[in-house]
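Enquirer: Attaching a single structure in structure tokens format; questions to follow.
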Amino acid sequence: MDGNGRWAASRGLPRIAGHRAGAEAVTRCLKAARTHGLEYLTLYAFSSENWRRGPDEVADLKGLLRFYLRHKVAELHSQQVRILFVGEVYRFGPDLCDELERAERLTAHNTGLTLLLALSYGGRSEIVQAAKALARAAQRGEIDPDSIDEDVVSRHLLTAGIPDPDVIVRTSGEHRLSNFLLWQSAYAELVFLDQLWPDFNETSFMRVLEIYARRDRRFGARPA
């Protein structure tokens, strides 16, 4: 979800105004996802690299996250949305981590859309942590290194039990993954939109679905 800062700058507004507008775009995206029957939606809300931003902007982003946790989770719960968080969430501190855990517990048994929020997340770090976990298990004699295959690695990722994404969308005209779901995106269809994230709406969502529907997914095989 890229382009909040540029959206704000183009209007002579502070960056936090762009992040607030981006949060409203999230609401529109969630509504469209539910309307069109998606089972899973993952939003890259805060990357591990975002900690390098200025302390004021990081504080604003944390405050915005806290606001939505306190004021939107109940609404999502009533809509049967299941909320999960992936990433090094401990870096947000104990108080905010408690809010995240409460949101997961409250929505754990919901049967509608599963919403994954990637917070303090980095794809490379995720793979490194999985490799360390497997190495420790092998060292303890709990796993034979020769038995490690793609399925075993997938089960040690933060997204264990969640299907790999069918399509990954990046807004704002950038054409890169920026450390997002690097393992899981191996066969995802990539869609790059010139639109800034705060302008994303249901029309944008429908455009993504139409682009995806035209793709021929062969997963490395030749057509029959």
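Enquirer: From the phi of every residue in segment 72-84, what ³J(HN,Hα) in whole Hz does the Karplus formula 6.51 cos²θ - 1.76 cosθ + 1.60 yield, where θ is phi - 60° and glycine or proline is x?
Expert: 10, 4, 4, 5, 5, 4, 5, 8, 6, 7, 9, 10, 10
Enquirer: Just flag the GluC sites (Glu not before Pro) in segment 122-224 sitting in loop per DSSP whose Cβ has no more than 15 other Cβ atoms within 10 Å. The partial results should precede the final answer.
Expert: Details: sites: GLU126, GLU142, GLU150, GLU174, GLU189, GLU202, GLU210; in loops: GLU142, GLU174.
Answer in residue order: GLU142, GLU174.
Enquirer: Only loop residues by DSSP count here, and only those with at most 11 other Cβ atoms within 10 Å; note down the GluC sites (Glu not before Pro) in segment 1-58 that meet that.
Expert: Those satisfying the criteria are GLU39.
Enquirer: For a Förster distance of 35 Å, can you work out the FRET efficiency between the beta-carbons of VAL152 and ARG11, rounded to the nearest 0.05?
Expert: So the FRET efficiency works out to roughly 0.10.
Enquirer: Just in segment 146-200: which trypsin sites (Lys or Arg not before Pro) are loop by DSSP and have at most 14 other Cβ atoms within 10 Å? Working shown, then result.
Expert: Numbers: sites: ARG155, ARG170, ARG176; in loops: ARG176.
Passing sites in segment 146-200 are ARG176.
Enquirer: For a quick check: with amide H placed at 1.01 Å from N, whose amide H comes under 5 Å from TYR40's, ignoring anything fewer than 5 positions away on the same chain?
Expert: Residues meeting the criterion, in which the H sits 1.01 Å from N, are THR114.
Enquirer: Report the paramagnetic label zone for ALA135: residues of segment 156-176 whose backbone N is under 19 Å from a point 7 Å from Cα along the Cα-to-Cβ axis.
Expert: 156-158
Enquirer: Need the full-extension length gain, ARG215 to ILE127, defined as separation in residues times 0.36 nm minus the C-alpha distance. One decimal, nm. Could you put the intermediate results ahead of the total?
Expert: Working: separation 88, 0.36 × 88 = 31.68 nm, distance 2.81 nm.
The ARG215-ILE127 span can extend by a further 28.9 nm.
Enquirer: Can you return the lysines within cross-link range of LYS72? Criterion is Cα-Cα under 18 Å, with same-chain partners fewer than 8 residues away left out.
Expert: Correct list for LYS72: LYS31, LYS62.
Enquirer: Per DSSP H run of at least 4 residues, take -39500 (n - 2.57); add these up for the chain, divide by its residues and hand me the 222 nm value, nearest 500 deg cm²/dmol.
Expert: One gets -14000 deg cm²/dmol as the mean residue ellipticity at 222 nm.
Enquirer: Given the C-alpha centroids of segment 147-224 and segment 1-79, what is the distance between them in whole angstrom?
Expert: 19
Enquirer: Within the chain, what's the longest run with no chymotrypsin sites (Phe, Trp or Tyr not before Pro) in a DSSP loop and at most 15 other beta-carbon atoms within 10 Å? Give the range, please.
Expert: Between the exposed loop sites, the longest stretch runs 1-186.
Enquirer: Continuing with this model, one more query. Below 8 Å, C-alpha to C-alpha, sequence gap of six or more: please give me the relative contact order for segment 34-163 in percent.
Expert: 33
Enquirer: Dividing the alpha-carbon Rg of segment 1-116 by 2.2 N^0.38 Å yields what?
Expert: My calculation over the Cα atoms of segment 1-116 gives 1.08.
Enquirer: Amide H to amide H under 5 Å from ASP2: which residues, 5+ apart in sequence or cross-chain, H placed 1.01 Å off N in plane?
Expert: Amide H to amide H, under 5 Å and 5 or more residues apart or across chains, ASP2 pairs with THR171, TRP197.
Enquirer: Continuing with this model, one more query. How high is the relative contact order of the chain, given as a whole-number percent (alpha carbon pairs under 8 Å, six or more residues apart)?
Expert: 26
None of the figures in this text is laboratory data; all of them are computed from the coordinates on show. Quantities reported herein were computed from a predicted structural model and do not represent experimental measurements. Using ideal geometry, Cβ is built from the backbone for each residue, glycine included, and neighbour counts are taken over all protein chains shown.
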